Amino acid sequence: MLKQFNIQSPDKAIEPDIVEKINNLTKPKGSLGRLEEIALQIGLIQQTTSPCLNNPHNIVFAADHGIVEEGVSLSPKEVTMQQIFNFKRGGGGVNFLCRQHGFTLKIVDSGVDFDFPKEMNLIDKKIRKGTTNYLNAPAMSEEEMEMCIERGAEVVTDCYKYGCNVISFGELGMGNTSSSSIWMHYFTGIPLKECVGAGSGLDNAGIRHKYEVLQRSIDNYHGDCSAKSIIGHFGGFEMVMAVGAMLQAAELHIVILIDGFIMTNCLLAAKQLYPQVQDYCIFGHCGDESGHKLVLDALGAVPLLNLGLRLGEGTGAICSFPIVDSAIRMINEMETFKSASVTKYFK
């Protein structure tokens with residue numbers, strides 16, 4: 001049975017108090033723009049007029065994809081395993097950003113086609129060594145899909161126990177832009193061709209081939225088109241774990257920073273199961289992957305940054321963290337007109 005979550009939209013009874021506090025800070029009303037919006041959102045999530053950000057974590061879920069056998073990715077499958085070793089040495093893009101912004105980095109083996117030594121201290125949530133090639137059969141069984149949701153939720157619960165109240169998610173898995181494109185197509189109705197991009201660097205011919213493989217995969221699908229069926233049939237183990245992680249974070253009222261194309265589509269999938277999950281999300285950036293802006297628009301999401309990023313791993317979400325931190329510093333550290341003995345010059 002699929003794990004059930006208790007996710008409600010934040011209670012808005014406290015909203016007038018948060019707005020009043022923001023409006024009485026020593027600045028023209030609305031003059032700090034998005035910072036004011038973010039402070040209000042986090043105040044609602046935490047149900048306080050003095051929100052805080054504690055012990056930020058970035059969780060990278062890693063797994064291999066059977067669809068890579070069809071040549072849909074420029075990167076070979078072994079890059080997943082190799083990058084995990086790089087991350088553990090501290091040499092990845094996500095590593096320097098976690099160091100810079102004070103994030104704890106957790107690496108989760110969701111289903112990598114490799115036996116990692118125990119001394120690496122990965123979080124072992126492996127389902128099996130990579131998904132099935134969904135051109136020919138479901139990527140995972142219903143039971144495996146349910147296990148992914150549960151195990152992703154477990155990782156977030158462990159972070160929460162260590163005092164984490166703001167979290168971002170990243171992914172590692174060659175071929176996962178393919179799964180993301182199919183989820184996007186089904187859950188938004190956007191034509192598949194507009195959802196398919198270069199991934200790790202395909203040229204135009206490679207993108208055409210990728211599209212053709214994904215279209216054949218859709219043609220071969222004979223499920224009931226329910227969200228649960230689509231998520232499991234075309235998903236990656238790391239992606240479905242991220243869905244479970246996002247849902248658990250929302251249940252625990254943790255602020256969720258959404259990364260790039262793949263994580264945005266994981267949020268899109270999570271929203272099919274629990275629409276209120278988006279109330280807990282701040283969208284870090286609009287990436288360079290074809291389709292990312294379209295899926296953000298479909299969600300009605302306005303990202304904080306547009307830096308041309310397309311690395312994944314949670315990097316774009318972490319880059320946005322200082323802006324979120326500024327919003328919290330604004331509401332907690334600015335004086336009010338009364339406390340600063342400044343004349344309030346508007347109603």
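Since only V240, G260, L192 are under comparison, the one whose Cα sits farthest along the positive direction of the charge dipole of the stretch 57-323, derived from C-beta charges on Lys, Arg, Asp and Glu, is G260.
Which Cα, out of T157, S73, L307, lies furthest along the positive dipole direction of the stretch 57-323 (beta carbon charges, K/R +1, D/E -1)? Positive-end residue among those listed: L307. Legend: calculated FRET efficiency, L74 to T48, from the Cβ-Cβ distance at R0 = 41 Å, rounded to 0.05, equals 0.30. Counting only DSSP H runs of at least 4 residues, each contributing -39500 (n - 2.57), and dividing by the residue count of the chain, the helix-based mean residue ellipticity at 222 nm comes to -14500 deg cm²/dmol.
For the stretch 57-323, relative contact order (Cα pairs under 8 Å, six or more residues apart, normalised by length) works out to 25 percent.
Rank-order 265-275, 11-21, 41-51 by packing density, defined as the average count of other C-beta atoms within 10 Å over each peptide's residues, highest first. Please report the intermediate quantities before stating the final value.
Details: 265-275: 22.9, 11-21: 13.2, 41-51: 18.8.
Packing order, densest peptide first, comes out as 265-275, 41-51, 11-21.
Taking the longest Cα principal axis of the chain as reference, the axis of helix 33-46 is set at about 80 degrees.
Quick one: length gained pulling T104 to S326 fully straight, 0.36 nm per residue minus the C-alpha distance? Kindly include the intermediate steps, with their values, before the conclusion.
On the way: separation 222, 0.36 × 222 = 79.92 nm, distance 1.96 nm.
This chain segment gains 78.0 nm when fully extended.
Within the chain, the cysteines lacking any other cysteine Cβ closer than 4.7 Å to their own Cβ are C52, C98, C148, C195, C225, C266, C281, C286, C319.
The angle between the Cα long axis of helix 204-219 and the main principal axis of the chain comes to about 80°, on a 0 to 90 degree scale.
Around the Cα centre of the chain, unit charges on the Cβ atoms of Lys, Arg, Asp and Glu (plus for the first two, minus for the last two) sum to a dipole of about 920 debye.
Determine the relative contact order of the stretch 73-193: mean sequence separation of Cα pairs under 8 Å and six or more apart, normalised by residue count, in whole percent. Working shown, then result.
Working: 74 pairs, mean separation 26.3, N = 121.
Reported as a whole number, the value is 22 percent.
If one computes P(r) from the Cα atoms of the stretch 57-323, what percent of pairs lie at distances over 30 Å? For the stretch 57-323, the fraction of Cα-Cα distances above 30 Å is 17 percent. The separation of the stretch 31-50 from the stretch 84-157, counted between C-alpha centres, amounts to 32 Å. Among the chymotrypsin sites (Phe, Trp or Tyr not before Pro) in the stretch 153-188, those located in a DSSP loop and surrounded by at most 12 other Cβ atoms within 10 Å of their own Cβ are Y162. Give me log10 I(q)/I(0) at q = 0.13 Å⁻¹ for the stretch 71-217, Debye formula, one equal scatterer per alpha-carbon, no solvent. With no solvent term, the Cα-only Debye profile gives -0.72. Computed over the stretch 201-312, relative contact order equals 21 percent, with contacts defined as Cα pairs under 8 Å that lie 6+ residues apart. Of the cross-linked pairs K126/K271; K88/K161; K12/K193; K12/K347; K88/K228; K3/K193, those separated by over 31 Å at the C-alpha level are K12/K193; K88/K228; K3/K193. Label sites at E194 and I14, each approximated as a point 7 angstrom past Cα along Cα to Cβ, lie 3.9 nm apart. Relative to the dominant Cα principal axis of the chain, helix 176-188 is inclined by about 70°.
No lab work stands behind these numbers, since they all come straight from the coordinates. Everything numeric here is computed off the predicted structure, so don't read it as measured data. Reconstructed Cβ throughout: ideal geometry from the backbone, glycine too, with neighbour counts over all protein chains shown.
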